[in-house]
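One structure below.
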Ligand code: PXP
């Protein structure tokens, strides 16, 4: 695994939240997100992502303990910037934390983090995570001031929100914003990840952007898993990414 970006290797992280969503629908013990993570790794995933939401609607605290025990690839914990979540991250010490915005009423993470809101608090949180040995990433919209501010507060990486592109892949402006944002971020010394709403049909142009190192993909993989199994779903995505690079 390399972290070079450009035309180099593009990491595929699988977000397994939706496995927990299915389990929570019945308040039972299956399907198990940790077992799903292991299957994803066996199929070639480069990392596993899970979002511990404040309302615990899908991933539970016990899932994180299990994931930390069984995941062999880098584990990326998505979380809101709260004292509770910071304490959990410092205790678990995942490979990476991606800070995301959270609104209780939303169905999924709808927009990027406003990194211009309370920069001292954000800088302090990133420093605490770094001190715990955790790589830091900020999930933001591809807006120049968000990118510049992410570099200013000391993040290692940004994850560009691809939702706008996923909703309008035929609109060249949505892809251009991601490509321009990637260039700007790398010039500022940031590593660049991307994700949200990506599918085997729309991933190609994002995977082809020089400088993107990592994709975080969840919903489509779990949806495809219903039909083809989770290993095949991961392999399909990997093939679609590789075809574009
Ligand atoms: N990246 C972040 C920060 C997210 O919050 C999500 C959604 O949980 C994803 C990536 C994955 O999005 P999707 O499930 O649409 O693939």
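List the residue pairs whose Cβ atoms are under 7 Å apart, where the first residue sits in region 196-217 and is free of Cβ contacts under 8 Å to residues at least 40 places away in the same chain, the second is outside any helix (DSSP H, G or I), and the two are 6 or more positions apart or on different chains. Going by the 7 Å Cβ cut-off, the qualifying pairs are 197/162; 198/162; 198/215; 198/217; 202/169; 208/245.
Does residue 18 satisfy being within 17 Å of the chain's Cα centre (by Cα), under 20 Å from residue 215 (Cα atoms) and within 13 Å of the ligand (Cβ to nearest atom)? Considered against the rule, which asks whether it is within 17 Å of the chain's Cα centre (by Cα), under 20 Å from residue 215 (Cα atoms) and within 13 Å of the ligand (Cβ to nearest atom), residue 18 comes out as yes. Of all residues in region 188-245, those being out of contact with any helix residue (DSSP H, G or I) (no Cβ under 7 Å at 6 or more places or on another chain), within 13 Å of the ligand (Cβ to nearest atom) and part of a helix (DSSP H, G or I) number 2. When we screen 84, 102, 106 for residues that are away from the ligand (no atom under 15 Å from the Cβ) and within 16 Å of residue 56 (Cα to Cα), the only hit is 84. In the set (1) within 19 Å of residue 146 (Cβ to Cβ); (2) at pLDDT 95 or above; (3) surrounded by fewer than 22 Cβ atoms within 10 Å (Cβ to Cβ), residue 91 fails one condition alone, (1).
Of all the numbered requirements in (1) under 19 Å from residue 215 (Cα atoms); (2) in a loop (DSSP other than H, G, I, E, B), residue 38 misses one, and that requirement is (2). Scan region 37-51 and give yes if some residue there is more than 30 Å from residue 243 (Cβ to Cβ) and touching a strand residue (DSSP E or B) at 6+ places or on another chain (Cβ under 7 Å), otherwise no. There is no residue in region 37-51 that is more than 30 Å from residue 243 (Cβ to Cβ) and touching a strand residue (DSSP E or B) at 6+ places or on another chain (Cβ under 7 Å).
The residues in region 94-123 that are surrounded by 13 or more Cβ atoms within 10 Å (Cβ to Cβ), under 24 Å from residue 66 (Cβ atoms) and at pLDDT below 95 can be counted, and the count is 2. Among the residues of region 41-73, those that are closer than 16 Å to residue 234 by Cβ and in a loop (DSSP other than H, G, I, E, B) comprise 43, 44, 45, 46, 71, 72, 73. Of the residues in region 132-146, at least one is in a helix (DSSP H, G or I) and either in contact (Cβ under 8 Å) with a residue 60 or more places away in the chain or surrounded by fewer than 19 Cβ atoms within 10 Å (Cβ to Cβ) (or both). Against the test of being away from the ligand (no atom under 13 Å from the Cβ) and in contact with a helix residue (DSSP H, G or I) (Cβ under 7 Å, 6 or more places away or on another chain), the options 143, 170, 132, 127 yield a single qualifying residue, 132.
Considering 170, 232, 244, the condition of being surrounded by fewer than 18 Cβ atoms within 10 Å (Cβ to Cβ) and at pLDDT below 95 is satisfied by 170 alone. Quick check: anything in region 75-86 outside any strand (DSSP E or B) and under 30 Å from residue 239 (Cβ atoms)? No, region 75-86 contains no residue that is outside any strand (DSSP E or B) and under 30 Å from residue 239 (Cβ atoms).
The values are calculated or read from the model by the stated rules, or taken from the named source; none is laboratory data. Quantities reported herein were computed from a predicted structural model and do not represent experimental measurements. No Cβ is skipped: glycine too gets one built from the backbone with ideal geometry, and neighbour counts run over all protein chains shown.
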